[in-house]
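Here the structure comes first, spelled out in structure tokens, and everything after it is commentary.
The values are calculated or read from the model by the stated rules, or taken from the named source; none is laboratory data. All values reported here derive from a predicted model rather than from experimental measurement. Please note: Cβ atoms are built from the backbone with ideal geometry, for glycine as well, and neighbour counts cover all protein chains shown.
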Amino acid sequence: MTRVLWVSLVLIAFAAAAMSQQNPNMQQTPTMPSNTGNTSMGNAASEQNIFQIEKTLWEAWKNHNAQPFQQNMSQNAVDVSPSGVKTGQQQVVQDLTSGNCQVNSYSLSDQKFTWYDPNTVLLTYRADQDATCGGNKLPSSVWASSLWVNQGGKWQAAFHQETPAQQPMQQQQQQH
């Protein structure tokens with residue numbers, strides 16, 4: 001599990017660095033101040049739009065519907081899951097909509113946005129789910145992260161990963 005988390009963090013760092021590089025011939029875009037979890041520093045309308053699209057993608061996963069993924073996912077998207085790393089929109093969409101998963105219900109909460117520049121934002125949130133993939137019950141709660149990039153004026157999902165939720169360490173220690 002730790003290995004998946006480290007791989008995920010490295011991929012996020014590389015994706016953020018790659019997305020933030022600008023062509024030296026282009027006019028510089030003013031940078032946005034770093035966000036320490038306070039959504040008021042980001043663009044509230046963009047954040048609302050991105051979270052709505054994220055929910056649309058969960059619904060598409062539930063219904064095995066490829067179209068929302070194709071419309072809202074970067075061509076070079078990356079998805080990290082227990083089954084491995086999927087790269088490229090086509091491979092990610094095929095994996096997510098294969099019909100291998102039965103999703104009975106889900107809910108998303110505790111969303112936070114961390115802005116890296118005006119065109120790159122990391123969305124983190126909690127997802128509670130009742131789902132089975134490949135005959136295996138998925139964790140009932142996960143912490144998810146999705147990296148969103150603004151490409152040509154349209155927000156696109158560039159990276160997604162999930163980590164099973166656990167009780168905070170101090171709560172675990174108190175129970176023993």
Unmet requirement for residue 84, which otherwise passes all of (1) at pLDDT 95 or above; (2) within 17 Å of the chain's Cα centre (by Cα): (1)
Of 98, 146, 140, the only residue that is surrounded by 17 or more Cβ atoms within 10 Å (Cβ to Cβ) and closer than 16 Å to residue 81 by Cα is 146
Filter segment 87-121 down to the residues that are of a type in the set (A, V, I, L, M) and under 19 Å from residue 164 (Cβ atoms), then identify the one that is farthest from the chain's Cα centre (by Cα). 103
Sole exception among (1) modelled with pLDDT under 95; (2) closer than 18 Å to residue 150 by Cβ; (3) of a type in the set (A, V, I, L, M) for residue 53, by number: (1)
Residue 60 vs. criteria at pLDDT 90 or above, small (Gly, Ala, Ser) and either in a loop (DSSP other than H, G, I, E, B) or more than 19 Å from residue 161 (Cα to Cα) (or both): no
